[in-house]
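The values are calculated or read from the model by the stated rules, or taken from the named source; none is laboratory data. Keep in mind it's a predicted model, so treat the numbers as computed, not measured. Counting neighbours? That spans all protein chains shown, and the Cβs are built from the backbone with ideal geometry, glycine included.
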């Protein structure tokens, strides 16, 4: 079950939502379902609407999934039947496909070659055209999720290919030839787990190895690998297919990597857990650099720097270090407020932000405060936060944002709101400042953001990372920052820009 009554808190906190986190494991002799559970628990920040695990013992496949957080969906009783030595799992936050159990992942079907399960992070930007092809071939679809499209495309032989041996690599390559947009996939078959990443590398995916030949794992973030005792190896490269089975780890190039990769830069700003590694750099360190760049670009006369916990804490630390203004805690977060099933009454709903944070008056009273946040999306959190800091006794509140203004929606696997909902799309920085009632407001520039990300990367390379470890992906940097610039790395059909594009997909209203 989900958390009824608490959706308003997610909206109130005004954060973009990742589509999901994915995980796959091949580990003979291990309790893979239990390991997958803990890996998904470590990836919970990437999706909170549903969770699922599918496993295989080489003969049959088993699955359990449901709505809600990982710890709400799974218990000892429903983990026990998930037998086998290989498994995949997924946490979901809906972007394409509504919040409904029919869209929960992984998807698991039976094929002529045995079970086929898929977990997907991202969005196929040509999903409408692919759905139409499948329906015209007579394939029935039961959900609005583009992941079901991927499953059905893999279930049939590639065009012109007769049924024969279980050619999963060929089928995955055929899928990649047609699919456009963002996809990091974990694929379960009877005998193997596959990891697949789109040619642009839009969504993260990394590989890990268990000690003493205990098997392999793949995850959206390295924090999940560390949680279950696997050692980080490297990232899955753009366009790469990786197979994990009894023969070990094997790599194939399913589709040529883009000349310029387009990793989502928001992974650095907000999405990834601060202890995760991305492009061989620790996220926490990159966020400190974002804060330091912000301090240089937008200084403020103040007595204390505080961050919005927990995501903006590293940037606040970086701002404090670069500015020389002391860093301190100013907001205490109630981390368990969203775990209850008791619905708040109208008075508590109006309290909104007070349910999530309390001001630490001892550190705020009589102070000029720099409040650092990582982003402003809809603009419905910044104002209440500024007022909360003032309630704590601050004499001035200067809001600094460690990313540029979010002016455009994302169509590559992130719920980033619509143009109409994005406050920076229709208000200037000064108009936003007036709206949130801050004494001053400044954002990090796009140039400053990219400088911080690239500087941290080059520093990681200088500190002794050889090219084999860093990989070709990291030596050819490129990022998607379309939510800030409006320059998308993939072609977008006009229907994506319509408010009801999700309804169009599900109802099959195609348009020519």
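Output the residues belonging to the stretch 52-84 that are outside any strand (DSSP E or B) and either over 26 Å from residue 111 (Cα atoms) or touching a residue at least 60 places away in the same chain (Cβ under 8 Å) (or both).
Of the residues in the stretch 52-84, the ones outside any strand (DSSP E or B) are 57-60, 68-84.
Scanning the stretch 52-84 gives 58, 59, 68, 69, 70, 71, 72, 73, 74, 75, 76, 77.
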TODO: Please indicate, with yes or no, whether at least one residue in the stretch 286-298 is farther than 19 Å from residue 402 by Cα and either touching a helix residue (DSSP H, G or I) at 6+ places or on another chain (Cβ under 7 Å) or modelled with pLDDT of 90 or more (or both).
DONE: no
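Tell me the residue from 92, 131, 102 that is surrounded by fewer than 20 Cβ atoms within 10 Å (Cβ to Cβ), closer than 30 Å to residue 156 by Cα, at pLDDT below 95 and in the same structural domain as residue 165 (by TED's automatic domain parsing), please.
On the way: 92 fails: surrounded by fewer than 20 Cβ atoms within 10 Å (Cβ to Cβ); 131 fails: surrounded by fewer than 20 Cβ atoms within 10 Å (Cβ to Cβ).
Answer to the selection: 102.
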Open item on the list: If residue 339 meets every condition in (1) in the same structural domain as residue 392 (by TED's automatic domain parsing); (2) under 21 Å from residue 373 (Cα atoms); (3) modelled with pLDDT under 95 apart from one, which number is that one?
Closed with: (2)
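For the condition at positive phi and under 21 Å from the mean Cα position of the chain (by Cα), what is the one hit in 248, 229, 239? Working first, answer last.
Numbers: 248 fails: under 21 Å from the mean Cα position of the chain (by Cα); 229 fails: under 21 Å from the mean Cα position of the chain (by Cα).
It is 239.
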- [ ] Pick out the one residue from 219, 258 that is farther than 30 Å from residue 381 by Cα and at pLDDT below 95.
- [x] 258
Task: Selection within the stretch 19-51 - part of a loop (DSSP other than H, G, I, E, B) and either surrounded by 24 or more Cβ atoms within 10 Å (Cβ to Cβ) or in contact with a strand residue (DSSP E or B) (Cβ under 9 Å, 6 or more places away or on another chain) (or both) - done: 19, 27, 28, 43, 47, 48, 49
Open item on the list: One residue is enough: does the stretch 346-353 have a residue meeting the conditions more than 17 Å from residue 429 (Cα to Cα), assigned by TED's automatic domain parsing to the domain that holds residue 416, out of contact with any helix residue (DSSP H, G or I) (no Cβ under 8 Å at 6 or more places or on another chain) and at pLDDT 90 or above?
Closed with: no
Task: Selection from the stretch 368-387 of residues that are farther than 20 Å from residue 300 by Cα and in a helix (DSSP H, G or I) - done: 384
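Kindly check whether there is at least one residue in the stretch 434-448 that is more than 25 Å from residue 292 (Cβ to Cβ) and surrounded by 21 or more Cβ atoms within 10 Å (Cβ to Cβ). Lay out the reasoning, then the answer.
So the first thing to find is which residues in the stretch 434-448 are more than 25 Å from residue 292 (Cβ to Cβ), and the list is 434-435, 437.
Right, trim to surrounded by 21 or more Cβ atoms within 10 Å (Cβ to Cβ) and you get none.
No, the stretch 434-448 contains no residue that is more than 25 Å from residue 292 (Cβ to Cβ) and surrounded by 21 or more Cβ atoms within 10 Å (Cβ to Cβ).
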Open item on the list: Among the residues that make up the stretch 369-387, is at least one of them surrounded by fewer than 19 Cβ atoms within 10 Å (Cβ to Cβ) and free of Cβ contacts under 8 Å to residues at least 60 places away in the same chain?
Closed with: yes
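Residues are listed down the side, and each one gets a yes or a no for (1) buried (at least 16 other Cβ atoms within 10 Å of the Cβ); (2) in contact with a helix residue (DSSP H, G or I) (Cβ under 8 Å, 6 or more places away or on another chain):
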residue	(1), (2)
141	yes, yes
149	yes, yes
154	yes, yes
158	yes, yes
165	no, no
168	yes, yes
171	yes, yes
177	no, no
180	yes, no
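Report, by residue number, each residue of the stretch 238-254 that is in contact with a strand residue (DSSP E or B) (Cβ under 9 Å, 6 or more places away or on another chain) and surrounded by fewer than 21 Cβ atoms within 10 Å (Cβ to Cβ). Spell out how you get there, then give the answer.
In the first step, residues of the stretch 238-254 are kept if they are in contact with a strand residue (DSSP E or B) (Cβ under 9 Å, 6 or more places away or on another chain); the result is 238-246, 248-254.
Within the stretch 238-254, 245, 246, 248, 249, 250, 251, 252, 253 meet the criteria.
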